Amino acid sequence: MTIKGHHKEWPPSDPKIVKDELFSSTIKGSSTLKLISKILGLLSILGLVGLIGKFLIDGGDQTQWGYVAATLAFIFSVTGGAPLVAIAPFIAKANWARPISRMAHVIGASAIVVNIIIMIPLLWVLPPLVVEGARRRSIWFEAPVYSPHFWDTLSLIMLAIAGLGLLYVSALPDFAIMRDNSQGFRKKIGNFLAGGFVGSTVQWSTLRMRVGVMSTLYFFIYIFVHVVISIDFSLSMVPGWRDAIYPMAHAMGGIQGGVALVIILAWIMRKYGKYENYLNINVFWALGRLMFATSLMWIYFFYSAFIVFWYGKSMSDNAWLDLLIRGPMVYVFILGMLFSFIFPWWWLIWNKVRNSINGPVIGAFIALTGVFFERIRVYVPAWSVDPKLIHDKWLTVIPETLYPDIWDILLILGSISFVVLTVIFISRIIPFIGVWEVQQFNLLAKPIKYIKAHGIRVAKPD
Amino acid sequence: MQQRDNQNRLSQKYTNSVLLNGTLSTPRWWYPLVSVLLFFVVIGFILFGIQIKYGLGVTGLNRPVYWGLYITTFVFWVGISHAGIMISAILRITQAEWRRPVTRAAEILTIFSLATALVFPLIHAGRTWRIVYWLIPYDAARGIWPNIRSPLFMDPIAISTYLTGSTLFLFVALIPDLAVLRDRTTGFRKGFYTILALGWTGNPRQWKMQVVGGILLSALMLPIFVSVHSIVSWDFAVTTAVEGWHSTIFAPYFVIGAVHSGVSAVVTMMALMRWGWGWNDFIRPEHFDALARLLTVVATAWLGFTFLELLFAVYGLDAPEIALREMQIFQYPWNMLFLIFLLTGYILPVPMWLFKRVRTNIALMFWSSILVNIGMWLERFLIIVPGLARKSPFVFTWEAYTPSWFEWYILFWSFCWVTLLMLLFSRVFPLVPLFEQKESEVFSDSIKIGRATVPTIFREEEEEEED
């Protein structure tokens, strides 16, 4: 009798094999990868051209910047949401996430440059708090007039630092392995980054504490960034839009996209990096469930707002519906609803789909597209609102549908390409599956046969 | 006295004898306590009768505050009811091992608090039978509410569905324990348990069906669990006429608040169960520790929602809304209530729970969980009443609402009533699931990793076998 179960693919128990296999991804590279990198590099340059072109042509017209703001919101939220996929299981001591936690941290640090570059012109066109001699509605109330500009930039920088810090802290033992097992340039980098890590008991306990502190810090900054950017870069630009759940719905969309990115990267690493033993079906099954849960959470937050506006029927409630649901972006709304909720929900509700390698990744692509549509649905109409109406009690003139111009398209393609290129660049330095994480995983989890059942014995240290 | 077998596990015989000590025998304190509670409950029923005779004049409800302490208490008990599904269903799906001794108590708390919550709209109606006119037949033409899609109509439907589902959920989880009771009783009780045990013998197929049933019901109950308090929140949020109510955050804010108060109520109950029945081997400090960790996360999320709710209240710069918030936070007596709400809901208990010594101290956990529920009751009061009490342009009379002693007693009655029901339940059914406890003992082990001894758990997985 042979057993067809989840345990045919399991990380090797020999630490040396684990180390060699996982570090090989930082060294080996195919000609296809080089070609892809070149194409991505070219697209990134075109993206920069798009941003400069946009600034030169539409620099004075705020209403034309919706797609740029939507791109920033999409990129910072989905890449920023990825580390939470590692943080939540870390707090819950869930072992399954150990092979993907490094990837989640890497994604979190991959968009720092893009975010800052896109933010700069947006700050230029974002209106100050005092417009035509009067203060507009904002969460900054009586604060200095450029508070949104300052605090939003600072919050993005804080998120970047926290993301980098989390990646660095959690990769320390692997830098030490790099220092001790390589030559030349890599040895120097490892020596510099490992910071004297030799794996003493104190260093390990400190490492765990540091990862815990950085994870908590990162989570709170992530929520703060979503609160300030979602409000300053969309909600407060629409007169009368008062929506307390919106920042949380925005963050939830980011987390949904973050889970999707981790699934996609894990799938690529499994298929093209030949890491079937590490990124086995257990990982995809758990990620598939997470993807399903975040899709449900997204619709719940959306509906919580929708029902209140739809039922309230006040002038400002109707204006919200006219602008963001049945107005200029009605088709994007339908696409967003299909891709953010209906398709992933119907796809991932089936256990056979979740409990497979390809099922979750298809759901992830769909959901990621949905998050992109959702950002366009909100940011483009919000920026399209006539700035002269900013002091009105509610929106009386619904803007026309704004289509992306060539500069917008270049920027969208270029910025996404640059994020992917950054991920490829990081993959040349740090293994995408943490060596020490896998070795701890092997210590704590083991497939065993128990009476007639097959399963895993999981150790849970305090 | 703890009895462990040669593998250092609690023996099944010991588990049966200790966990059935409240069902097969009667603790000494049980009759006096039940008698006292019964006395207070009967007085509550008499007062309710008086209110039916004389109408709502016996309460402090008057123009413009028509929703007061009764509706606050209704929302509070609906919130407490979220304990069961949070603990039982979510933790079952996520395979949290520490849930095992807690599940039954949480599920019972859900059922009794929901049943109590359902009573409050009836009490609030004053002339209770008038509810029939409002609901059956409920047509849009009456113009009382905009249409039958009103949350006020959806409320009883959602709560009844939740109550039915929770009862079924509890019953499915009770079956193996009912069979244990059937095999250990005689006479009428044996007949009673035989009927309820549905022929349970514990064969592999029955166990499989029981597990699958539990997981399916857990998955089905989750959307209902979320919808119930969301719908209750929409009673307020869809209203544009009352300042402070028309907020999009209310649904998740109410749900997370309900989880905060419900899980705290479970902590209170677990401490009482440990003290009352002496189940020290089964309800252990590590269970309080796990619940306190969960509560810390939930409470912090709840605080975030509270902050957003307040932020967006003043964001719109509407003068009436700002005036309401000023009244709520800075004017006496609301400011005192607000301060107590913040202190008891978060500021006092959560920093305490950051320390493991507190998390594993049963008495401190008991008192901190009580604090949370004081805060959460006040939260509902502060959401509902100030918006109605504040002077507004089209109301010709306004004044602060002071609940009468009648209303305070009915609030007190509700606690006595839920406690009484729990105690009566404990005489018939075990409050800690025996089979969960035994399964936990079988699945738990420990291994040596380096110099440390680490607890382990076995997780069974789906797999296909082929010959």
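The separation of region B:363-394 from region A:368-419, counted between C-alpha centres, amounts to 41 Å. Note on A:Asp14 and B:Trp405: the model spin-label points, each 7 Å out from Cα along the C-beta direction, lie 8.4 nm apart. When peptides A:195-208, A:136-149, B:229-242 are ranked by their average number of other Cβ atoms within 10 Å per residue, the highest-first order is B:229-242, A:136-149, A:195-208. Each residue of region B:409-425 was assigned a 3J(HN,Hα) from its phi angle through the Karplus curve 6.51 cos²θ - 1.76 cosθ + 1.60 (θ = phi - 60°); the sequence is 5, 5, 4, 4, 4, 4, 5, 4, 4, 5, 5, 4, 4, 4, 5, 5, 4 Hz, with glycine and proline shown as x. Note on A:302-312: average number of Cβ atoms from other chains within 10 Å of each residue's Cβ is 6.
What whole-number value in Å² describes the accessible area per residue of region A:127-216 for a 1.4 Å probe?
51 Å²
Of the residues A:Ala445, B:Ala323, A:Met119, the one whose Cα sits farthest towards the positive end of the charge dipole of the protein assembly as shown is A:Ala445 (charges of +1 on Lys and Arg Cβ, -1 on Asp and Glu Cβ, taken about the Cα centre).
Split the accessible area of region A:15-458 by element, probe 1.4 Å, and carbon with sulfur accounts for 73%. Both numbers refer to the Cα atoms of region B:200-284; Rg and Dmax are 19.4, 60 Å.
Amide H to amide H, with H built 1.01 Å from N, B:Ile449 comes under 5 Å of B:Val454, counting only residues 5 or more places away or on other chains.
Note on A:Asn191 and A:His391: their simple-model spin labels are 6.6 nm apart, each label 7 Å out from Cα toward Cβ.
For the peptides A:244-253, A:209-218, residues were scored by their other Cβ atoms within 10 Å and the scores averaged per peptide; the highest-first order is A:244-253, A:209-218.
Using a cutoff of 8 angstrom between alpha carbon atoms and counting only pairs six or more residues apart, the relative contact order for chain B works out to 27 percent. For region A:15-458, the normalised intensity computed at q = 0.14 Å⁻¹ comes to -1.31 (log10 of I(q)/I(0), Debye sum over alpha carbons, equal scatterers, no solvent). When Rg and Dmax are taken over the Cα atoms of region B:15-124, they come to 18.8, 58 Å.
Over all orientations, region B:150-294 has a Cα convex hull whose mean projected area works out to 12.2 square nanometres. Plainly put, region A:1-150 has a radius of gyration that is 1.14 times its Kirkwood radius, both from alpha-carbon atoms, as the Rg/Rh ratio. For region B:291-415, the alpha carbon convex hull comes to 119 Å³ per residue, rounded to a whole number.
3J(HN,Hα) along region A:292-298: 4, 4, 5, 5, 5, 4, 4 Hz, from the Karplus curve 6.51 cos²θ - 1.76 cosθ + 1.60 with θ = phi - 60°, whole Hz, x for Gly and Pro.
Between chain A and chain B, the total buried accessible area stands at approximately 4700 Å², from heavy atoms with a 1.4 Å probe. Comparing Cα centroids, region B:160-199 and region B:204-274 end up 24 angstrom apart.
Only Cα pairs under 8 Å and 6+ residues apart enter the sum, and on that basis the relative contact order of region A:15-458 stands at 30 percent.
Karplus-based coupling profile of region A:370-383, in residue order and whole Hz: x, 4, 4, 4, 4, 5, 5, 4, 8, 6, 5, x, 4, 6, with θ = phi - 60° in 6.51 cos²θ - 1.76 cosθ + 1.60 and x standing for Gly or Pro.
A cut-off of 5 Å between modelled amide H atoms, ignoring neighbours fewer than 5 places along the same chain, links A:Tyr450 with A:Gly455. Under 5 Å between amide hydrogens, built in the peptide plane, is the criterion, and for A:Arg135 it picks out nothing among residues at least 5 positions away or on other chains. Average accessible surface for region A:1-124: 41 Å² per residue, computed with a 1.4 Å probe over protein heavy atoms with every protein chain in place.
Within 10 Å of each Cβ of A:286-299, how many other protein chain Cβ atoms are there on average? Intermediate values should be presented prior to the final figure.
Values: counts 0, 0, 0, 2, 0, 0, 0, 2, 0, 0, 3, 2, 0, 0.
Mean inter-chain Cβ contacts per residue within 10 Å come to 1.
When you work out D = kT/(6 pi eta Rh) for chain B at 37 °C and 0.692 mPa s, using the Kirkwood radius from C-alpha pairs as Rh and the Stokes-Einstein form, the result is 137 µm²/s. Per residue of peptide B:239-247, the mean number of Cβ atoms on other chains within 10 Å of the residue Cβ is 3. Leaving out ligands, DNA and RNA, what percent of the accessible area of region B:12-457 is carbon and sulfur, probe 1.4 Å? Looking at region B:12-457 in its full context, I get 71 percent from C and S. For the protein assembly as shown, the gyration tensor built on C-alpha atoms gives an oblate shape. Its axis ratio a/c (a ≥ b ≥ c) is at least 1.5, and a/b is not larger than b/c. So what does the Cα-only Debye profile of region A:375-462 read at q = 0.19, 0.24, 0.25 Å⁻¹, as log10 I(q)/I(0), no solvent term? One equal scatterer on each Cα of region A:375-462 leads to -1.00, -1.15, -1.18. Relative contact order of region A:113-191, taken over Cα pairs closer than 8 Å and 6 or more residues apart, is 20 percent.
When the Cα atoms of region A:69-157 are aligned to their principal axes, the ranges along those axes come out at 57, 25, 18 Å in descending order.
The values are calculated or read from the model by the stated rules, or taken from the named source; none is laboratory data. Just so we're clear, the structure is a prediction, and the values are computed from it rather than from any experiment. Note that we place each Cβ from the backbone using ideal geometry, even for glycine, and neighbour counts take in every protein chain shown. For the accessible areas, the whole protein counts, side chains as well, though only heavy atoms, and no ligand, DNA or RNA atoms are used. Shrake-Rupley method; radii C 1.70, N 1.55, O 1.52, S 1.80 Å.
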